[in-house]
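Below: the structure, in structure tokens.
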């Protein structure tokens, strides 16, 4: 699919609309086909790269595979159960959407490409 992170970042995968800076981070809306989601990124970056977005989605997919909310809280350092439920649900949703829009082979390719990211 992509031979390098540079090649991945040059591809026109996502449509990105800046929403501004709030909650101590830059915020944007990311679109891919029929999937629209919010993405936060550091203040030192002018815009996220494809690799940043895909890496975050893969991490969300892994987090959403925790067997229970209690495991999610323990493994990701949550103490507020309501906040954890919201984030756990978002991770599960992002994982589902990632698997909907990319094949297993593509996701594995991204994992290999981004393993040291």
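The values are calculated or read from the model by the stated rules, or taken from the named source; none is laboratory data. This one's a predicted model, so the numbers in the text were calculated from it and none came from an experiment. Don't worry about glycine lacking a Cβ; one is built from the backbone with ideal geometry, like all the others, and counts go over all protein chains shown.
Structural remarks
- From the options 31, 46, residue that is in contact with a strand residue (DSSP E or B) (Cβ under 9 Å, 6 or more places away or on another chain), at pLDDT below 95 and farther than 21 Å from residue 116 by Cα: 46
- Close pairs from the range 23-45: first on the phi > 0 side of the Ramachandran plot and touching a residue at least 12 places away in the same chain (Cβ under 8 Å), partner in a loop (DSSP other than H, G, I, E, B) and surrounded by fewer than 17 Cβ atoms within 10 Å (Cβ to Cβ), Cβ under 9 Å, at least 6 apart: 24/43
- Checklist (1) more than 16 Å from the chain's Cα centre (by Cα); (2) in contact (Cβ under 8 Å) with a residue 40 or more places away in the chain applied to residue 94, failing item: (1)
- Hey, residue 88 touching a helix residue (DSSP H, G or I) at 6+ places or on another chain (Cβ under 7 Å), part of a loop (DSSP other than H, G, I, E, B), surrounded by 11 or more Cβ atoms within 10 Å (Cβ to Cβ) and on the phi < 0 side of the Ramachandran plot or not: no
- Filter pass, residue 66 being buried (at least 17 other Cβ atoms within 10 Å of the Cβ) and in a loop (DSSP other than H, G, I, E, B): yes
- Test: residue 97 is touching a strand residue (DSSP E or B) at 6+ places or on another chain (Cβ under 6 Å) and surrounded by 15 or more Cβ atoms within 10 Å (Cβ to Cβ): yes
- Filter pass, residue 61 being in a helix (DSSP H, G or I) and closer than 21 Å to residue 113 by Cβ: yes
- Residue that is nearest to the chain's Cα centre (by Cα), among those in the range 38-58 that are assigned to a strand (DSSP E or B) and under 18 Å from residue 89 (Cα atoms): 39
- Within the range 1-23, the set of residues being assigned to a loop (DSSP other than H, G, I, E, B) and out of contact with any strand residue (DSSP E or B) (no Cβ under 9 Å at 6 or more places or on another chain) comprises 1, 2, 3, 4, 11, 12.
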